[in-house]
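The values are calculated or read from the model by the stated rules, or taken from the named source; none is laboratory data. Bear in mind that the values here come from a model prediction, so they are computed numbers and not experimental data. No Cβ is skipped: glycine too gets one built from the backbone with ideal geometry, and neighbour counts run over all protein chains shown. SASA here: full protein model, heavy atoms, side chains in, ligands and nucleic acids out. Shrake-Rupley method; radii C 1.70, N 1.55, O 1.52, S 1.80 Å.
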Amino acid sequence: MLLNCIKDSSDAHHIARMLLNCFKELFHLGGRDFMMTASLGISIYPNDGKTGSELLRSADVAMYHAKEQGGNTYCYFTDEMNRAVFRCLLIDEQLHGALERGEFHICFQPLVEVQSNKIIRVEALLRWDNHVLGSVPPSEFIPVAEQSGLIDQLGRYVISKALSWASNRMKTSELDFKISVNLSPSQFRDLELVPFIKNALEHNSISGSYLELEITEGVLLQGGAYVDEALKLLNQMGISLAMDDFGTGYSSLSQLRRYPFDVLKIDQSFIHDIISDDADRQMVNSVIAMAHGMGLEVVAEGVESEEQLEQLSQQRCDMVQGFLISPPLLPDALTALLM
Ligand code: C2E
Ligand code: CA
Ligand code: CA
């Protein structure tokens, strides 16, 4: 829609409201009622584009932003959005061939049992050092890899590397902790995921009981018959399942009960303020009690201070992970730490 009559940018927002209101009414089609929503992106000449195609591109970017916020709303184009899109495009471009160029490696971060102070898990975390962009954090490149489909290959890379490190370690010493690997929701669309994991375990002569997979609610929300099937199969292989980042998404207790979870990881955003913020502390305490009631072990993520550890220990939190214990380490540094 081209508005050539607006005086300033806020005029566009009245029209956007009116347009959205038009969709409040049901549509009658073939004797049935249908609900439809709209998402609008707004770009303003000349700031957001000097030509028709530039303006359309900016409006498009803003529209996707509106969709990301759940749709049925409108968004103005901003410079920040532009920068974010540009950065994603760069990352996408550089991700192609990055695996072949050997730009990835993994780190391990230890998880410690509170009672015994022993390392009982190590979580594999992916790292990317690109020749153009430098070191890019996973929070930036994982979403792009999920969109482009590259996440399947990356996910397999992490599993192979983590298990091969574990297998090497087993040659010289006892493995008395589990290896945790993160799985993205989109990896569950890959029907070869479970066979791949099975093969990787066999190839490295490691039993499934040494592997823990961390998944977020996204996996469960995405639903689908294959998720149920995959989680059941993984569970039958003796692999344990952890619910990652608990509390950040649409965390639902019924979801936890429906699936064979063993561990619940409370997101670091809740741990961060447990000393200073009563509400956060109460919430963490209840989550721990509730999880225990359901027979789950609890990990607190992002533990950075002795006070936090003490508080969590009082509440009988089972495991902690965070900079207080150790940052993510290169495989050799972990080996040294385990000595
Ligand atoms: P996550 O699974 O929640 O991993 C924990 C993140 O918290 C890691 O960030 C870790 O470095 C950071 N962290 C650990 N202790 C502390 C602490 O005490 N304080 C603070 N502030 N942060 C701490 P990282 O490595 O940047 O990873 C970010 C996210 O990227 C991960 O969050 C995970 O969701 C994703 N990710 C990383 N590796 C993989 C992977 O191999 N596959 C998939 N699908 N996702 C991955
Ligand atoms: Ca994780
Ligand atoms: Ca987490």
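Net charge of the neighbourhood of Glu217, taken over other residues with C-beta under 10 Å away and scored Lys/Arg +1, Asp/Glu -1, is -2. For the chain, the 222 nm mean residue ellipticity estimated from helices alone, with every DSSP H stretch of n ≥ 4 adding -39500 (n - 2.57) and the total spread over all residues, rounds to -14000 deg cm²/dmol. Taking 7 Å steps out from each Cα toward its Cβ at Asn47 and Gln222 produces label points 3.7 nm apart.
Taking all Cα pairs closer than 8 Å and separated by 6 or more residues, the relative contact order of region 177-290 comes to 22 percent. The accessible-area ordering, largest first, of the residues Leu3, Leu221 stands as Leu221, Leu3, per a 1.4 angstrom probe. Using the 1.4 Å probe convention, the accessible area of region 278-321 works out to 46 Å² per residue with neighbouring protein chains retained. Between Met339 and Ala289, the simple spin-label model (points 7 angstrom out along Cα→Cβ) gives 4.6 nm. Under a Gaussian network description of the chain, with springs only between Cα atoms under 10 Å, the residue in Asp280, Asp190, Asp11 that fluctuates furthest is Asp11. Ordered from largest to smallest accessible area (heavy atoms of protein chains, 1.4 Å probe), the residues Cys88, Cys107 come out as Cys88, Cys107. Of the residues His105, His131, His28, the one that moves most in a GNM of the chain with alpha-carbon contacts below 10 Å is His28.
Extension gain for Arg32 to Asp60 (0.36 nm times residue separation, less C-alpha to C-alpha distance): 6.9 nm. Only lysine pairs 8 or more places apart, or on different chains, with alpha-carbon atoms under 18 angstrom apart are counted in the chain, and they number 10. Neighbours of Asn82 by Cβ distance under 12 Å: Lys/Arg scored +1, Asp/Glu scored -1, total -2. When Phe270, Phe323 are compared by accessible area of protein heavy atoms, the largest-first order is Phe323, Phe270, using a 1.4 Å probe.
Per-atom-type breakdown for region 271-330 gives carbon and sulfur 50% of the accessible area (1.4 Å probe, protein chains only). DSSP assigns beta bridges within the chain; of those with both partners inside it, close to 45 percent run antiparallel.
Between rounded, prolate and oblate, where does region 265-325 land on the alpha carbon gyration tensor, with a ≥ b ≥ c its root eigenvalues, rounded for a/c under 1.5, else prolate if a/b exceeds b/c? Taking the square roots of the gyration eigenvalues as a ≥ b ≥ c, region 265-325 is oblate. Once backbone amide H atoms are built at 1.01 Å from N, Lys178 has Arg121, Val122 as its partners under 5 Å, excluding neighbours fewer than 5 places away on the same chain.
Computed with a 1.4 Å probe on the full set of protein chains, the accessible area for Thr248 sits at about 80 Å². Estimated at 0.36 nm per residue, the fully extended path between Asp262 and Ser305 surpasses their Cα-Cα distance by 12.9 nm.
Given an 8 Å cut-off on Cα distances and at least 6 residues of separation, report the relative contact order of the chain as a percent.
With pairs under 8 Å counted, the relative contact order is 12 percent.
On full extension, the segment bounded by Asn4 and Gln69 gains 20.6 nm, given 0.36 nm per residue less the C-alpha separation. In summary, the convex hull built on the alpha carbon positions of region 120-159 has an orientation-averaged projected area of 3.4 nm². Please find, in a Gaussian network model of the chain (springs between Cα atoms separated by less than 10 Å), the residue of Phe77, Phe141, Phe27 whose mean-square fluctuation is greatest. With Cα springs under 10 Å in the chain, the top fluctuation among Phe77, Phe141, Phe27 is at Phe27.
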